[in-house]
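Rule-based calculations on the coordinates, nothing more; no lab input. Because the structure is a prediction, the values reported are computed rather than measured. Positions of Cβ are backbone-derived with ideal geometry, glycine not excepted, and every protein chain shown enters the neighbour counts.
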Amino acid sequence: MKKVIISTLLLLGQLSLWAQNNPTMTTTLPYREIPAYPESYSAESVVARMIDGLGFRFYWATEGLRPEDLAFRPTPESRSSEETIDHIMGLSTVALNALKNQPNVRSGEETSPLTFEVKRRKTLEILQEASNLLKKADTKLDNHTMVFQNGANKTEFPFWNLINGPIADALWHVGQVVSFRRSSGNPFNGKANVLTGKVRE
């Protein structure tokens, strides 16, 4: 009996360690489908919907990427698919920081040492958090600016620049990931309908 208990505890410990090292296996990723749209329009709900659309496109652009897809770059001077994903994660963080009224001490251009699976999950969760903040009743775009902090130097932009800058830029780069994966022989899943935000079964 004692051996059975010890074996069970060891197995549970191994499963727990495996789950910690494989975070995408322990939680459902957001944006497999776009959440329902709100009943009324506001500036905040429209931007939230843009971010939800970005999340959906990013989910499917990055679903099922192989190591050869992540390493693909169209020219030696270009970013690889994984470097492009790093950039999308950085841009998403800039958007979230604006909504949390936190300065950006990184540019959004940096590469990340995290694994692809962790970067993918983090990016989707960042986008979901940003969208949820925009959907809060007390959120007003006028109260949020995009701030870049470099030592004592601070550069500040109104929310308008967040829309035409990081959000639009992230959508642009998701399109690049889709194009790159097609070039590396692993095209985007055609069952993901970007118009409806649903997946055809």
Please compute the contact order of the stretch 67-201 in relative form: average sequence separation of alpha-carbon pairs under 8 Å and at least six residues apart, divided by the residue count, as a percent. 29 percent
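Counting other beta carbons within 10 Å of each Cβ, put Val47, Val177 in order, fewest first. Walk me through the numbers before you get to the answer.
Details: Val47 22, Val177 25.
In order of increasing Cβ crowding within 10 Å: Val47, Val177.
Note the full-extension length gain between Lys100 and Thr27 as 0.36 nm times their separation in residues minus their Cα-Cα distance, in nm to one decimal. Present the calculation step by step, with values, prior to reporting the outcome.
On the way: separation 73, 0.36 × 73 = 26.28 nm, distance 2.41 nm.
Gain in length upon complete extension: 23.9 nm.
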Return the sequence-ordered ³J(HN,Hα) values of the stretch 84-99 in whole Hz as given by the Karplus equation 6.51 cos²θ - 1.76 cosθ + 1.60 applied to θ = phi - 60°, using x for Gly and Pro. 5, 5, 4, 5, 4, 4, x, 5, 5, 5, 4, 5, 5, 4, 4, 6
Using a Förster radius of 22 Å, what is the FRET efficiency between Asn161 and Tyr41 based on their Cβ-Cβ separation? Nearest 0.05, please. 0.50
Overall Cα dimensions of the chain - principal axes, largest extent first, Å: 65, 44, 42
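Please compute the net charge surrounding Pro103, taking Lys and Arg as +1 and Asp and Glu as -1 over other residues with Cβ under 13 Å from its Cβ. Present the calculation step by step, with values, prior to reporting the outcome.
Working: positive: Lys100, Arg106, Lys154; negative: Glu156.
Charge balance near Pro103 sits at +2.
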Across Lys100/Lys198; Lys119/Lys198; Lys100/Lys154; Lys100/Lys122; Lys119/Lys140, pairs whose alpha-carbon gap is larger than 20 Å: Lys100/Lys198; Lys119/Lys198; Lys119/Lys140
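Quick one: putting +1 on the C-beta of Lys and Arg, -1 on the C-beta of Asp and Glu, what dipole do you get for the stretch 31-199 around its Cα centre, in Debye to the nearest 20? Before the final figure, lay out each step's value.
Values: 20 positive and 20 negative charges, 64 e Å.
Approximately 300 debye in magnitude.
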In the stretch 89-201, if the dipole is taken from +1 on Lys/Arg beta carbons and -1 on Asp/Glu beta carbons about the Cα centre, which of Ser131, Asn97, Asn161 is farthest to the positive end? Ser131
GNM on the chain, Cα springs under 10 Å; top mean-square fluctuation among Lys100, Lys122, Lys191 goes to Lys191
Between Asn193 and Ala137, what FRET efficiency comes out of the Förster formula 1/(1 + (r/R0)^6) with R0 = 25 Å and r the beta carbon distance, rounded to 0.05? 0.25
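First select every other residue whose beta carbon is under 15 angstrom from the beta carbon of Leu171; then total the charges, Lys and Arg +1, Asp and Glu -1. Intermediate values should be presented prior to the final figure.
Numbers: positive: Arg49, Arg57; negative: Asp52, Asp169.
Counting the neighbours of Leu171, the net charge comes to 0.
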